[in-house]
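Report on the structure given below.
The values are calculated or read from the model by the stated rules, or taken from the named source; none is laboratory data. As the structure is a computational prediction, the values presented were derived from the model and not from experiment. Here the Cβ positions follow ideal geometry from the backbone for every residue, glycine too, while neighbour counts run over all protein chains shown.
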Amino acid sequence: MLELDDVHAYYGKSHILQGISFRVGEGEIVSLLGRNGAGRSTTVKTIMGEVPAVGSIRFKGERIDGLKPHQIARRGLGYVPEDREIFPGLTVRENLLLGMKSGATAPDAGRSTIPSSSFRCCASAPIRPAACFPAASSRC
Amino acid sequence: MTARRNTPAGVLTYAEQRALEIGITIAGDSSVILLDEPTAGMSRSETESAVELIRSVSQGRTLVIVEHDMGVVFNLADRISVLVYGAIIATDAPARIRAEH
């Protein structure tokens, strides 16, 4: 499903990831363990294209290193950063609908549903453009 | 979250906001989800709830979790990769990592 092969990453001249290789199979839960500064967060940022990768990153057999973060997200990789922010002025439901919009691959992506029972409040909600929400144009 | 669907997200507790962040990501129908420190800043009870949430959303999905809480890691993970100074020094099942490292 996800395969890193000899991946290196740099912040300026600092060599942060020094040849990371690992595979994650379909349905697996893999945890990256290490002290602060070991490169755990940099590894996921590199997978998502936020940090340039040197080496090979494959998702479902296709190279994704070198793609931009939004292109990687559209291929089906989701990312919950440590410092992510929500839209506090929007309701829970509206925040979830924005997530649906960001995952859609086409403007008329139909009536994709949120699959988890924990977020059933949006289970039957159709995808709507973010512009439908009055407060969506700026973070409140 | 169902009961709070019309609640402004800004008045949720910190743990609820973190749960909502996970919800926003799974709403995009991602098949692989990367979670960076999903339980950071949470109390023990909040962490337990977060673990249950992560376990429930993991059904049918692949997860990569960066986590500082060893209890969470050993509770959730099928495999663990140990990083030291930007290199992976071990990858194995939780029981073997615990026994050998």
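Numbers for the structure displayed
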quantity: Per-region count, segment B:24-39, residues of a type in the set (Gly, Ala, Ser) and without any contact (Cβ under 8 Å) to a residue 24 or more places away in the chain; calculated: 2
quantity: So A:Phe87, is it at pLDDT 90 or above and surrounded by 14 or more Cβ atoms within 10 Å (Cβ to Cβ); calculated: yes
quantity: Number of positions in segment A:1-58 that are under 17 Å from A:Leu77 (Cα atoms) and among the small types (Gly, Ala, Ser); calculated: 7
quantity: Condition met for A:Glu62 (within 17 Å of the chain's Cα centre (by Cα), exposed (fewer than 14 other Cβ atoms within 10 Å of the Cβ) and within 10 Å of chain B (Cβ to nearest Cβ)); calculated: no
quantity: Residue list for segment A:16-51, restricted to those being touching a strand residue (DSSP E or B) at 6+ places or on another chain (Cβ under 7 Å), of a type in the set (Gly, Ala, Ser) and over 26 Å from B:Ala95 (Cα atoms); calculated: none
quantity: Residues being in contact (Cβ under 8 Å) with a residue 40 or more places away in the chain and outside any loop (DSSP other than H, G, I, E, B) - total across segment A:58-76; calculated: 2
quantity: Considering residues of segment A:1-26 that are free of Cβ contacts under 8 Å to residues at least 24 places away in the same chain and part of a loop (DSSP other than H, G, I, E, B) only, the residue farthest from the chain's Cα centre (by Cα); calculated: A:Lys13
quantity: Failed item, numbered, when B:Asp36 is tested on (1) more than 7 Å from chain A (Cβ to nearest Cβ); (2) closer than 26 Å to A:Leu33 by Cβ; (3) among the charged types (D, E, K, R); calculated: (1)
quantity: Some residue of segment A:108-131 being facing chain B (nearest Cβ under 9 Å), surrounded by fewer than 19 Cβ atoms within 10 Å (Cβ to Cβ) and at pLDDT 80 or above; calculated: no
quantity: Total residues in segment B:1-26, condition at the interface with chain A (Cβ under 7 Å from one of its Cβ atoms), buried (at least 18 other Cβ atoms within 10 Å of the Cβ) and assigned to a helix (DSSP H, G or I); calculated: 9
quantity: Residue that is farthest from B:Leu35 (Cα to Cα), among those in segment B:52-69 that are more than 7 Å from chain A (Cβ to nearest Cβ) and touching a strand residue (DSSP E or B) at 6+ places or on another chain (Cβ under 8 Å); calculated: B:Arg61
